1. Restricting to region 39-96, name every residue that is hydrophobic (A, V, I, L, M, F, W, C), touching a residue at least 60 places away in the same chain (Cβ under 8 Å) and under 22 Å from Arg133 (Cα atoms).
2. Looking at region 116-126, which of the residues that are within 16 Å of the chain's Cα centre (by Cα) and within 18 Å of Ala72 (Cα to Cα) is modelled with the lowest pLDDT?
3. Of the residues that sit in region 69-109 and are under 30 Å from Asp52 (Cα atoms) and of a type in the set (D, E, K, R), which one is surrounded by the fewest Cβ atoms within 10 Å (Cβ to Cβ)?
4. Just to check your reading of the model, which residue among Leu89, Leu45, Leu59 is at pLDDT 95 or above, more than 23 Å from Lys143 (Cβ to Cβ) and aliphatic (A, V, I, L, M)?
5. If Lys113 satisfies all but one of (1) closer than 20 Å to Pro31 by Cβ; (2) at pLDDT below 95, what's the number of the condition it fails?
Amino acid sequence: MMTITAPPRPSALQPLTGTVPGYAQTLPLYPSSVSVARQSVRTTLACWGLEDMTDDVVLVVSELVTNAVRHARPACAPPDDPGRCRLTLERPDPGTVWVSVADSSGRHIMPRKASDGAEDGRGLAVVTALSARWLVQPSHIGKTVWTELKADM
């Protein structure tokens, strides 16, 4: 586990000052990175004593990293360089976890209504249901999806 200085936040999330507990990891945009991200979440939340939040945070991270793997890989990327995403977990207070997944795709994301028989398309609905709030912040190199989860939700 490492401690990181809080990055600037979009206006919907209040900026932090000083240092907060955090963990960050850069992952290649391969399907196997989703399981690596899930294990990183489990380990980090155990270190923070937030085991009760593990299932929800793991599910949200799974959805966000899966979206990056499926949709953020550059079309012209060679097989040996699929691109990357950056997973960050922060604990701004004892019962709150901020999750962010940054990638280099400028593609807009929006929740969609999946048909009853569809095998995908529910990821952002899951993120919405489990998060206190979430948003997408565009950047000059892509976007970051931020979400806040609370222990008392």
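1. Going residue by residue through region 39-96, those that are hydrophobic (A, V, I, L, M, F, W, C) are 41, 45-48, 50, 53, 57-61, 64-65, 68-69, 72, 75-77, 85, 87, 89.
Now narrow it down to the ones that are touching a residue at least 60 places away in the same chain (Cβ under 8 Å): 50, 53, 57, 59-60, 64, 72, 87, 89.
Hits for region 39-96 are Leu50, Met53, Val57, Leu59, Val60, Leu64, Leu87, Leu89.
2. Among those that are within 16 Å of the chain's Cα centre (by Cα) and within 18 Å of Ala72 (Cα to Cα), it is Arg122.
3. Across region 69-109, the extreme among qualifying residues is Asp93.
4. The conditions single out Leu45.
5. Every listed condition holds for Lys113 apart from (1).
The values are calculated or read from the model by the stated rules, or taken from the named source; none is laboratory data. Predicted, not measured: the structure shown is a model, and the values here were computed from it. So basically every Cβ, Gly included, is an ideal-geometry build from the backbone, and we count neighbours across all protein chains shown.
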